[in-house]
Amino acid sequence: MASDSNSSESQRIAQQRLRIIAGHLQKHKDDDSGTIATECKAEANKGTVPRKRQEIMKWNGWGYSDSKFLFNKKGQAEFTGKRYRLSGMVLPSLQDWFENTFGASVNHKSPATPALNASAVPPASLNEAFVEDLKATGIPFSHEAEDRVFRAHGHCLHEIFALREGKKFERVPDMVVWPNCHNDVVKIVELACKHNVCLIPYGGGTSVTSALECPPEETRCIVSLDTSQMNRILWIDEKNLVAHVEAGIIGQDLERLLNESGYCTGHEPDSMEFSSLGGWVATRASGMKKNVYGNIEDLVIHLKVVTPRGVIEKSCQGPRMSTGPDIHHFILGSEGTLGVVTEVTMKIRPIPEYQKYGSVVFPNFEAGVACLREVAKQRCAPASIRLMDNEQFQFGHALKPQVSSIFTNFVEGLKKFYITKFKGFDPHQLVVATLLFEGDRERVLQHEKQVYDIAATFGGLAAGEDNGQRGYILTFVIAYLRDLGMDYYVVAESFETSVPWDSLCFSLLLSFFRVLDLCRNVKERINRECKERGVQFQPLTSCRVTQTYDAGACVYFYFAFNYRGLADPVHTYERVEHAAREEILANGGSLSHHHGVGKLRKEWMKESISSLGVGMLQSVKDYVDPDNIFGNRNLL
Amino acid sequence: HPHQATQMSNYCLNILVFVTLQQRDPMLKRDCFEDILEERRNSSDLKYALRCYAPVLYKGVTPCKANMLKNIVLQSDQLHYVINQVSQESGEAPDIIQEEASVILEEMAHRLQISTVRCFAFALSKAFKTLFQHVCVNEEGIQRLQQAIQEHPVVLLPSHRSYMDFLLMSYILYTYDLALPVIAAGMDFMGMKFVGEMLRMSGAFFIRRSFGGDKLYWAVFSEYVKTMLRNGFAPIEFFLEGTRSRTCKSLTPKLGLLNIVIEPFFKGEVFDVNLVPVSISYERILEESLYARELLGVPKPKESTSGLLKARRILSEDYGSIHVYFGQPVSVRSLAQGKVNRSTYNLFPRHIPRKPMEETQSFVNDTAYRIVRLQEDNMVLKPWVLMASLLLQNLEGLELSVLTEQTVWLRGLALSYAAFLDWPAPTAKVVSSSLALHRGLACVSGDRVSLVVGEPLGPVTPEEALFNRAVSVLSCASYRNQVLHVFLRPAMLAVAMLHLSDEVYNCFSFLWDMFSNDFILCPGDTVQDFEEACYLLVKTGAVQMPQQDIVMTDIGQPTLSFFNGLLEPFLQGYQVVCRYLCEEASEGLTEKQYIPAVRSFAVKLILAGNLRCYEVLSSDMQKNALAALLRMDAVRKVKNRMISHINQTPISPSLSLVAVAEDLYRDGLTPSYIR
């Protein structure tokens, strides 16, 4: 009996784990653990990302080529492929939501250019001497148009829009190299210095800050250094709970491989399917479960970075040091301007025994924010707690798959009736907080109760696991949805900030928050700017509080509009986003919480960190990379 | 250098001035008026007072009960912070301070009740119909206001000429089914117990006239106002001028309340704040002769209920019509664009009170001046205003036909300067009806029109006769003053041309500076105003500007001399003050002694036949002159005592104040130049 219940328990846990992974990650079958320190090139590549990324991924949109949203012949939305929970499902309410929200129509298509026109790609200007020396090292490289264009952009709206429209890129990398290990990188950087070649590190390619864009004024040969083949876990140290990993590994592979040994990093940025460890370090990434595991800067124990001056690394792996300013912090957030992160030692944790989603409905956004603040104050935030505004709540609902059972339908209806009619929540005001608890079962249940009790004091009603999980699904498919929007004249983008709470609560009915003020003002500014710039349709502006801290919160905005009737939608979009950022800064928000600065937000750096601060960063850059080999021109 | 300045101004004259004029002056698109009394005369007042009143509110906010509002204020972090601070400084327990705060709030807070408003609506309907011929409102302005109220918190900023103003405002808003405002009123009303409470229940909240260093008072007050604004419970109304203008000139704005209502925008607590300037113009002011007496040193009667009842006799008179113009809402956000960096507010907790930064202060100051100018621009001017200006330049009286003819001429001039004239009938008719309405001020005997001088009962001393005459002149001046904002800039240029024709710009800028306590001259606008003056004088053909000179044209004489006459009382007033300070003032003159002393100095001059200008007796002008001299550092205040520097202090390299004073004194009154 005992062993039986044990095994069913472990089975349950295993299922749970499977669900986590299968929920938003690609399923993988064949793989051995890579827990032994390996020699360069000793092993074939086992990662998800092939050298020719375009073989499995879209060249002009988000994610896998086989997964996309489309409106079928009946006008119903479908998500193709087999990779996700939503894959193969029909989403009956999406069309209505889409048409009503944007004033768009499934009959008005704005299809993308079907294939890359290789002749529109600027010819590669190669540094012959560099190529000769590189050949001698045996490191693979390419100067095919598809490879080069793939690495000429991130996922900013203007970049994807240009690809879809078949517009010519002004500057793309002249060649791509695929180092297999740290030593390869050392060789490449040495050669780049020797031949004065510009290097741009390329990890997952998920940047949304124009960080991967090649500076048009760059006249040297630009080499994209693709880290995707450096994707092994070199060792796991269970005694100290750290793992030493090559920095090109992407999130889903890292998590999958660690899971096989019973561990996880717990670092789950929304882009984790595609973004890489090195990219996280270079942008100061943040994961949704940072309340338990910390942000990337809390997770990193040791870094190996190849710069034009040589390799930077610390001499030990002590958990904390007082050895002057932490040199890791020159690297964390350096956005590829100083060198390439090749290896990272990071913290790992045993896979949690139990995981549970949850959700709470609040009568309005104010009450929700007040609750999140209280949760943060009591330091009892679950692994993840997010508050979606009403727009996003409705958006999430539009993604509900077709319900087969009449019973579920009935229950849903009953729930809706209870909340809106019985409890008097206004369906156009109510908001939902999604929760994710992790830990041992006992603790999770206790924790859950504590959070629900706090929520109740702010008028929150528990609204079930499904609503919670759906909220997280939205964040993984949102980028796919953007591609759908762009098929029908809708452009969309997201941006984020962090802001102090500054709370002032008088009663349930009356609370003021800087967070709230910022959300309201930014939304209003967007609406106003859109109107002034001739956008014909009411834009969608939506926000959610995605992270809580002792002293503030991270706020994430979605912004989308129907661009029919606009001559240059991307330009309009960019002006509006610019205005929104000014509004954020004026309201006490930061330039970025985790997306980074790239080239998109460079103009505000001085204002953000003072000109002295910029000078300090500049002097580090000047010392480490005097010839601007890492010439992506981000940040400064 | 003056020539350079003139040259420069010439250079950009046509472009810049035209643009700014057009921006500032919505003359081309002023709205039409509707008489709201008309309906009152044709339907039941009772029904009107009891009708359904359901105004649209700010983004559908639910109105907040007065008590709830008080609780919010008393529990606010802002107030708690100050309470703790005061408690630490004074050693009193926080509870006691909290109690004090609650007493202050009790004394201050409004208790808006719709029933009281309905009572007022009924009573005022009756009163207005007896007192006034028309109460005209621009309905488009009302529509704009209605829109604005829904979008962002609204601050109503009416001009202040009469006690009537805020009752009138609430009455109009009630009539148009708009949200009733809460109104900042001076504490002096509370002297009248019953009326005070009535006003409180119709939305007035009361603030002490001065509470200098009282931190707690300030905290309660500002939090009270901000709470109302942030939540958009009701439009907030206050008078930028701070008090009723006894002279009918706009007063230089007070910034305290404006700072308070703008701050929530800078702190990001609201997306925007709409400032709505409202211009209320009375054809005849209820307090007309009361004001004149007050200016002449008869203290204003303390507000008391019985005093107000005595005022009942007022009800038997005709006060003509009122025009209320609701201006275009001004978005603080748009005004502040590029002028104030809001992110500087981000490094301080929002509940800790802070002095506004310099950048903010100058923005608020600038905004206040712009709003007052907008008020001025939309003031409806009645024909009598022009006639009063003419009569004051002809104290001995003039022929009715001449007056009519000159009124026609002046109307043309005023119109070409974008004055907002209400000219309901042909001029001859308008002149006679104006004279009828203002028969207490001007009379027609035979064919001659002249100022009425109050008939003394029994024998009078020369001082008493002088005083009676001064009352008429000051009453009349209060009408002329209404048109000054239209003519001020060209008039200053005309004076400058007359006195220092080779340094016109310098002289203009000197006058501009000196008069900036008396008139609404936006800080820093000297050059722009100069250009505007040039533009207007050139436009009406009074001057030409060949190269860098400014020259009077053949037909310019009447205009320029009218303008000189217009400003003459002010020039004389300032000269008398300067002379007094140079010749008579003893060292150690206190502020308190100053006004009576100048007054008796002026009386002496008039009685001796050395001065013909009665306006010098106005305490308003005396105060402004002193303030100007203090500001220009010609006089210094040391522990409440004035020390004159007029003789020693050079004001500018080429123009010392005394030189100008002497100069103006010598030549300024050349009778030949005055019509």
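The values are calculated or read from the model by the stated rules, or taken from the named source; none is laboratory data. Keep in mind it's a predicted model, so treat the numbers as computed, not measured. Counting neighbours? That spans all protein chains shown, and the Cβs are built from the backbone with ideal geometry, glycine included.
Where the second residue is assigned to a loop (DSSP other than H, G, I, E, B) and of a type in the set (Val, Ile, Thr) and the first is more than 10 Å from chain A (Cβ to nearest Cβ) and lies in the range B:331-346, which pairs have Cβ atoms under 7 Å and are six or more apart or on separate chains?
Short answer, once both residue conditions are applied: B:Val332/B:Val273.
Quick one: in the range B:176-200, which of the residues that are under 20 Å from B:Pro277 (Cβ atoms) and over 24 Å from the mean Cα position of the chain (by Cα) is surrounded by the fewest Cβ atoms within 10 Å (Cβ to Cβ)?
Of the residues in the range B:176-200, the ones under 20 Å from B:Pro277 (Cβ atoms) are B:176, B:178-185.
Among the residues that remain, those that are also over 24 Å from the mean Cα position of the chain (by Cα) are: B:176, B:178-179.
Values: B:Tyr176: 16, B:Leu178: 22, B:Ala179: 22.
Checking each candidate, the answer is B:Tyr176.
Just one of A:Val545, A:Val620, A:Val576 is at pLDDT 95 or above and closer than 30 Å to A:Glu190 by Cβ; which is it?
Only one candidate passes the filter, namely A:Val620.
Of all residues in the range A:328-344, which are in contact with an Asp or Glu (Cβ under 9 Å, 6 or more places away or on another chain) and part of a loop (DSSP other than H, G, I, E, B)?
Residues satisfying the conditions are A:Leu332, A:Gly333, A:Thr337, A:Leu338, A:Gly339.
Considering B:Ser170, B:Ser125, which residue is part of a helix (DSSP H, G or I) and under 25 Å from B:Lys249 (Cα atoms)?
The unique qualifying residue is B:Ser170.
Give just the number: which of (1) part of a loop (DSSP other than H, G, I, E, B); (2) surrounded by 13 or more Cβ atoms within 10 Å (Cβ to Cβ); (3) without any contact (Cβ under 8 Å) to a residue 24 or more places away in the chain; (4) not hydrophobic (A, V, I, L, M, F, W, C) does B:Asn84 not satisfy?
The number of the failed condition is (1).
Among the residues of the range A:484-526, which ones are modelled with pLDDT under 90, touching a strand residue (DSSP E or B) at 6+ places or on another chain (Cβ under 6 Å) and more than 8 Å from chain B (Cβ to nearest Cβ)?
Once the filter is applied, which keeps residues that are modelled with pLDDT under 90, touching a strand residue (DSSP E or B) at 6+ places or on another chain (Cβ under 6 Å) and more than 8 Å from chain B (Cβ to nearest Cβ), the range A:484-526 yields A:Ser503, A:Cys505, A:Ser511, A:Phe513.
Table: residues versus (1) of a type in the set (Ser, Thr, Tyr); (2) at pLDDT 95 or above; (3) in a loop (DSSP other than H, G, I, E, B); (4) under 12 Å from the mean Cα position of the chain (by Cα).
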| residue | (1), (2), (3), (4) |
| --- | --- |
| B:Arg246 | no, no, yes, yes |
| B:Leu258 | no, yes, no, no |
| B:Pro264 | no, no, no, no |
| B:Gly268 | no, no, yes, no |
| B:Ile280 | no, yes, no, yes |
| B:Arg284 | no, no, yes, no |
| B:Leu290 | no, no, no, no |
| B:Glu294 | no, no, no, no |
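Give me the residue from the range B:557-605 that is of a type in the set (Phe, Trp, Tyr) and at pLDDT 90 or above and, out of that set, surrounded by the fewest Cβ atoms within 10 Å (Cβ to Cβ).
The residue in question is B:Phe601.
Within the range A:550-557, can one find any residue that is within 14 Å of chain B (Cβ to nearest Cβ), surrounded by fewer than 22 Cβ atoms within 10 Å (Cβ to Cβ), touching a Lys or Arg at 6+ places or on another chain (Cβ under 7 Å) and assigned to a loop (DSSP other than H, G, I, E, B)?
no
Could you list, in sequence order, the residues of the range A:590-616 that are of a type in the set (Val, Ile, Thr) and crowded, with 18+ Cβ neighbours inside 10 Å?
Result: A:Val597, single match.
I need the full set of residues from the range B:73-98 which are of a type in the set (A, V, I, L, M) and within 17 Å of B:Gly213 (Cβ to Cβ), in order please.
B:Val82, B:Ile83, B:Val86, B:Ile97
Given the conditions (1) farther than 20 Å from A:Gly278 by Cα; (2) surrounded by 17 or more Cβ atoms within 10 Å (Cβ to Cβ); (3) at pLDDT 95 or above, and given that A:Ile200 satisfies all but one, which numbered condition is not satisfied?
Result: A:Ile200 passes all but (1).
What single numbered condition from (1) buried (at least 21 other Cβ atoms within 10 Å of the Cβ); (2) within 12 Å of chain B (Cβ to nearest Cβ); (3) modelled with pLDDT under 85 fails to hold for A:Gly471?
Answer for A:Gly471: the failing condition is (2).
In the range B:168-200, which residues are touching a helix residue (DSSP H, G or I) at 6+ places or on another chain (Cβ under 8 Å) and either charged (D, E, K, R) or modelled with pLDDT under 90 (or both)?
B:Ala185, B:Phe189, B:Met190, B:Met192, B:Lys193, B:Phe194, B:Val195, B:Gly196, B:Met198, B:Leu199
As an exercise: evaluate A:Asn587 against (1) in contact (Cβ under 8 Å) with a residue 24 or more places away in the chain; (2) surrounded by fewer than 17 Cβ atoms within 10 Å (Cβ to Cβ); (3) more than 29 Å from A:Phe161 (Cα to Cα); (4) under 27 Å from the mean Cα position of the chain (by Cα) and give the number of the one condition it does not meet.
With respect to (1) in contact (Cβ under 8 Å) with a residue 24 or more places away in the chain; (2) surrounded by fewer than 17 Cβ atoms within 10 Å (Cβ to Cβ); (3) more than 29 Å from A:Phe161 (Cα to Cα); (4) under 27 Å from the mean Cα position of the chain (by Cα), A:Asn587 is out only on (2).
Name the residue, out of B:Gln593, B:Gln572, B:Gln528, that is within 25 Å of B:Ala628 (Cβ to Cβ), outside any strand (DSSP E or B) and free of Cβ contacts under 8 Å to residues at least 24 places away in the same chain.
Details: B:Gln572 fails: free of Cβ contacts under 8 Å to residues at least 24 places away in the same chain; B:Gln528 fails: free of Cβ contacts under 8 Å to residues at least 24 places away in the same chain.
Answer to the selection: B:Gln593.
Of (1) free of Cβ contacts under 8 Å to residues at least 40 places away in the same chain; (2) buried (at least 22 other Cβ atoms within 10 Å of the Cβ), A:Arg232 satisfies all except one. Which?
Evaluating A:Arg232 over (1) free of Cβ contacts under 8 Å to residues at least 40 places away in the same chain; (2) buried (at least 22 other Cβ atoms within 10 Å of the Cβ) leaves (1) as the failure.
So that you can scan it fast, the table gives a plain yes or no per residue for (1) closer than 21 Å to A:Ser271 by Cβ; (2) of a type outside the set (A, V, I, L, M); (3) in contact with a Phe, Trp or Tyr (Cβ under 6 Å, 6 or more places away or on another chain):
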site	(1), (2), (3)
A:His158	yes, yes, no
A:Phe161	yes, yes, no
A:Asp174	no, yes, no
A:Pro179	no, yes, no
A:Val197	no, no, yes
A:Ile200	yes, no, no
A:Gly205	yes, yes, no
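Which residues, counting only those in the range B:201-229, are surrounded by fewer than 23 Cβ atoms within 10 Å (Cβ to Cβ) and either under 18 Å from B:Asn67 (Cβ atoms) or within 14 Å of chain A (Cβ to nearest Cβ) (or both)?
Those that are surrounded by fewer than 23 Cβ atoms within 10 Å (Cβ to Cβ) and either under 18 Å from B:Asn67 (Cβ atoms) or within 14 Å of chain A (Cβ to nearest Cβ) (or both): B:Met201, B:Phe206, B:Lys226, B:Thr227.
Checking the condition of a type in the set (A, V, I, L, M) and part of a helix (DSSP H, G or I), which residue from A:Ala104, A:Ala115, A:Ala136 passes? Spell out how you get there, then give the answer.
Details: A:Ala104 fails: part of a helix (DSSP H, G or I); A:Ala115 fails: part of a helix (DSSP H, G or I).
Step by step, each of A:Ala104, A:Ala115, A:Ala136 is checked, and only A:Ala136 is of a type in the set (A, V, I, L, M) and part of a helix (DSSP H, G or I).
Filter the range A:455-503 for residues that are more than 21 Å from A:Asn390 (Cβ to Cβ) and among the aliphatic types (A, V, I, L, M) and give the result.
Within the range A:455-503, A:Ala479, A:Leu484, A:Met486, A:Val491 meet the criteria.
Of the conditions (1) surrounded by fewer than 21 Cβ atoms within 10 Å (Cβ to Cβ); (2) away from every other protein chain (no Cβ under 14 Å), A:Ala579 clears all except one; give me its number.
A:Ala579 satisfies every listed condition except (2).
Taking the residues in the range B:250-272 that are small (Gly, Ala, Ser) and crowded, with 24+ Cβ neighbours inside 10 Å as candidates, determine which candidate is nearest to the other protein chains (Cβ to nearest Cβ).
Within the range B:250-272, the subset small (Gly, Ala, Ser) is B:250, B:256, B:268.
Of the ones still in play, those that are also crowded, with 24+ Cβ neighbours inside 10 Å are B:250, B:268.
Details: B:Ser250: 32, B:Gly268: 4 Å.
Top of the filtered list is B:Gly268.
Can you name the number of the only condition in (1) free of Cβ contacts under 8 Å to residues at least 24 places away in the same chain; (2) farther than 21 Å from B:Tyr291 by Cβ; (3) surrounded by fewer than 16 Cβ atoms within 10 Å (Cβ to Cβ) that B:Gln406 fails?
The failed condition is (3).
In the range A:103-150, what residues are touching a strand residue (DSSP E or B) at 6+ places or on another chain (Cβ under 8 Å), more than 26 Å from A:Gln76 (Cα to Cα) and small (Gly, Ala, Ser)?
A:Ala124, A:Ser142
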